[in-house]
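K.L.:
Provided herewith is a single structure, encoded as structure tokens, for subsequent inquiry.
The values are calculated or read from the model by the stated rules, or taken from the named source; none is laboratory data. These numbers were taken from a predicted model, which means no experiment stands behind them. Cβ sites come from the backbone with ideal geometry, for glycine too, and all protein chains shown count toward neighbours.
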Amino acid sequence: MATNVYESPLSSRYASPEMLYLFSPDKKFKTWHRLWIALARAEMKLGLPVNQEQIDEMEAHKDEIDYPLAAQKEKELRHDVMAHIHAYGAACPKAMPIIHLGATSCYVGDNTDVILMREGLVLIRDELVNLIARLAKFADAYKALPTLGFTHFQPAQLTTVGKRATLWMNELLMDLDEVEYRIGTLKLLGSKGTTGTQASFLELFDGDHEKVKALEAMIAEEMGFDAVVPVSGQTYSRKMDSGVLATLSGIAQSAGKFATDFRLLSHLKECEEPFENKQIGSSAMPYKRNPMRSERICSLARYVITDAMNPAFTAYNQWFERTLDDSAGKRISVPEAFLAVDAILGIYTNIASGIKVYDKVIAKHVLEELPFMATENIMMDAVKRGGNRQELHEKIRVHSIAAGKVVKEEGMPNDLMDRIAADPAFGLDKEAILAHLDASRYTGRCPEQVTEFLRNCVQPVLGRYSGVISDQQAELKV
């Protein structure tokens, strides 16, 4: 490992080997070779002076990249595509005259970018499915465990731990819909030529429009696509990049929301990330168990959300049929968004695989607030026994303020139930009042909602992608 040059943390610390390979030079230039072969094969089938021997030669060397020669040629020519044409041609001297015939640089550059984005989205899709599968088990296991709900991060009506997990999962299902849409609608640029007019190919085919159209269709089929963009300038619309990164940004938003919730739950000591035997929470404070995984998700999510703005700015600023100010930013923003979301989903899955729930702490927090929440039921019970609803409402208001003062100003336990039991206006003894403190009475349809959500929304997805679901434990690099 070189230690005297910059190294992206996305490569060294965060992203998976699969995603790192997808955006590697090897994958990129091997895909260029495949595209040149597809072009030559289609041209041969359509009657241009390309022969099988040339194609066989290109096939034989399709996985060989002469990086030193390509670097030398790029230094001379200041053009990366021409440099690799020369490098490939040196290995394929018979095919050299017909490599890239009729094409412009975007034939390999843009088509490769679409191929890599689609393959990257497939990896992301599979990671999303595995994450949803882990959270589904968690939600089902804790579907009936009452916990404080929060609005404005202030205690609100009760929910359950499992129901809260379905909120996280529902956003991930929305993201999965977006990913599937992108995978299904991405199209190759095809063979459009220098300004998108296909003039060079029309010249090669002596004005035969049908052969020009057939050329694109044959290339698309060989590369695994059923369509090419209908019209373009020299490049495909940069809105395609913007759309893909918007989808990735959506995943970052969902993960960041989960991680923020989890950081707050960690502060409340209700839930905790996996914490390994020798893991250190703080270099100065040995007792600390910081939610570092969730914090890392938030950090990376913030980066992806910001990064997604880059291709949006690029898309609006493309002049006419093309301009090259997209290139440098595109080389950075698109791969890094994929690498960062890959890392985010890996961390998220790691957390989801080993969430520690502290049910006694949760119960303690519930009991601290439940007396306030139970007052409506207590009031209705007292009215059934002959009480005046309006008078009881005022008494509960007065008793609640007094009990709240004891909790906040004196740090003492909530004594609201004792105050109500001692008030003869309610006509209820302590036992009758405490019967209203069964937390499960205040969670509404949470258990049923979880069960229905898992059955109706999650299980069809998991069934559709059963072949990609793995029980392998998600691990972190650091």
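K.L.:
Taking the condition touching an Asp or Glu at 6+ places or on another chain (Cβ under 6 Å), surrounded by fewer than 22 Cβ atoms within 10 Å (Cβ to Cβ) and either more than 30 Å from S353 (Cβ to Cβ) or not assigned by TED's automatic domain parsing to the domain that holds A255 (or both), does A83 pass?
P.N.:
yes
K.L.:
Also, I was wondering about something else. With the checklist (1) within 23 Å of F29 (Cβ to Cβ); (2) in the same structural domain as V334 (by TED's automatic domain parsing) in hand, flag the one item T160 doesn't pass.
P.N.:
With (1) within 23 Å of F29 (Cβ to Cβ); (2) in the same structural domain as V334 (by TED's automatic domain parsing) applied to T160, the lone miss is (1).
K.L.:
Taking only segment 325-340 into account, find how many residues are acidic (D, E) and without any contact (Cβ under 8 Å) to a residue 24 or more places away in the chain.
P.N.:
1
K.L.:
Looking only at residues that are over 16 Å from V122 (Cβ atoms) and charged (D, E, K, R) in segment 1-23, which one is surrounded by the most Cβ atoms within 10 Å (Cβ to Cβ)?
P.N.:
Only one residue fits best here, namely R13.
K.L.:
Taking the options R41, R13, name whichever one is charged (D, E, K, R), in contact (Cβ under 8 Å) with a residue 40 or more places away in the chain and out of contact with any helix residue (DSSP H, G or I) (no Cβ under 6 Å at 6 or more places or on another chain).
P.N.:
R13
K.L.:
Quick one: how many residues across segment 173-215 are assigned to a helix (DSSP H, G or I), under 22 Å from Q234 (Cβ atoms), touching a residue at least 12 places away in the same chain (Cβ under 8 Å) and within 35 Å of the chain's Cα centre (by Cα)?
P.N.:
Total meeting the criteria: 0.
K.L.:
If I ask for residues that are hydrophobic (A, V, I, L, M, F, W, C), buried (at least 21 other Cβ atoms within 10 Å of the Cβ) and under 28 Å from A340 (Cα atoms), which ones from segment 139-170 would you list?
P.N.:
Correct list: A139, A165, W168, M169.
K.L.:
Residues R322, R293: which one is touching a residue at least 60 places away in the same chain (Cβ under 8 Å) and farther than 28 Å from A255 by Cα?
P.N.:
On inspection, the qualifying residue turns out to be R322.
K.L.:
Same structure, new question: Look through segment 237-259, keep the residues that are of a type in the set (D, E, K, R), under 20 Å from K330 (Cβ atoms) and in contact with an Asp or Glu (Cβ under 8 Å, 6 or more places away or on another chain), and return whichever of them is surrounded by the fewest Cβ atoms within 10 Å (Cβ to Cβ).
P.N.:
R238
K.L.:
Out of all the residues in segment 310-324, which are closer than 21 Å to L116 by Cβ and either of a type in the set (D, E, K, R) or part of a helix (DSSP H, G or I) (or both)?
P.N.:
N310, P311, A312, T314, A315, R322, L324
K.L.:
Listed residues Y303, Y348; which is in a helix (DSSP H, G or I), surrounded by 21 or more Cβ atoms within 10 Å (Cβ to Cβ) and within 22 Å of the chain's Cα centre (by Cα)?
P.N.:
Just one listed residue meets the conditions, Y348.
K.L.:
Could you list all residues from segment 322-362 that are modelled with pLDDT under 95 and among the aliphatic types (A, V, I, L, M)?
P.N.:
Within segment 322-362, L324, A328 qualify.
K.L.:
Of the residues R118, R134, which single one is within 30 Å of M82 (Cα to Cα) and within 17 Å of the chain's Cα centre (by Cα)?
P.N.:
R118
K.L.:
Starting from segment 458-471, keep only residues that are aromatic (F, W, Y), then list their pairs with residues that are surrounded by 11 or more Cβ atoms within 10 Å (Cβ to Cβ) whose Cβ atoms are within a distance under 8 Å, requiring at least 6 positions of separation or different chains.
P.N.:
Listed by first residue and then by second, the contacts come to Y465/R125; Y465/D126; Y465/V129.
K.L.:
Any idea which of (1) over 30 Å from G162 (Cβ atoms); (2) modelled with pLDDT of 90 or more is the one Y442 doesn't satisfy?
P.N.:
(1)
K.L.:
Moving on. Pick from segment 86-95 the residues that are touching a residue at least 24 places away in the same chain (Cβ under 8 Å) and under 13 Å from K62 (Cα atoms): which of them is nearest to the chain's Cα centre (by Cα)?
P.N.:
Y88
K.L.:
Let me ask something additional. Which residue out of I132, I115, I85, I99 is more than 27 Å from E221 (Cβ to Cβ) and among the β-branched types (V, I, T)?
P.N.:
Of the residues listed, the single one that is more than 27 Å from E221 (Cβ to Cβ) and among the β-branched types (V, I, T) is I132.
K.L.:
Give segment 1-37 a look and list any residue that's over 23 Å from A340 (Cα atoms) and either of a type in the set (D, E) or not assigned by TED's automatic domain parsing to the domain that holds E53 (or both), or say none.
P.N.:
Of everything in segment 1-37, just one residue is over 23 Å from A340 (Cα atoms) and either of a type in the set (D, E) or not assigned by TED's automatic domain parsing to the domain that holds E53 (or both), namely N4.
K.L.:
May I pose another question? Restricting to segment 414-443, name every residue that is assigned to a loop (DSSP other than H, G, I, E, B) and touching a residue at least 40 places away in the same chain (Cβ under 8 Å).
P.N.:
Correct list: N414, A425, F426, G427, L428, T443.
K.L.:
Listed residues A83, A95; which is more than 25 Å from V228 (Cβ to Cβ) and of a type in the set (G, A, S)?
P.N.:
A83
K.L.:
If L202 satisfies all but one of (1) farther than 30 Å from P460 by Cβ; (2) buried (at least 18 other Cβ atoms within 10 Å of the Cβ), what's the number of the condition it fails?
P.N.:
Exception for L202: condition (2).
K.L.:
Quick one: is L128 under 30 Å from Q234 (Cα atoms) and either touching a residue at least 60 places away in the same chain (Cβ under 8 Å) or assigned to a helix (DSSP H, G or I) (or both)?
P.N.:
Considered against the rule, which asks whether it is under 30 Å from Q234 (Cα atoms) and either touching a residue at least 60 places away in the same chain (Cβ under 8 Å) or assigned to a helix (DSSP H, G or I) (or both), L128 comes out as no.
Listed here are the residues, each with its yes/no results for (1) crowded, with 16+ Cβ neighbours inside 10 Å; (2) in contact with a His (Cβ under 9 Å, 6 or more places away or on another chain); (3) on the phi > 0 side of the Ramachandran plot.
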residue	(1), (2), (3)
D326	yes, no, no
P335	yes, no, no
K384	no, no, no
G411	no, no, yes
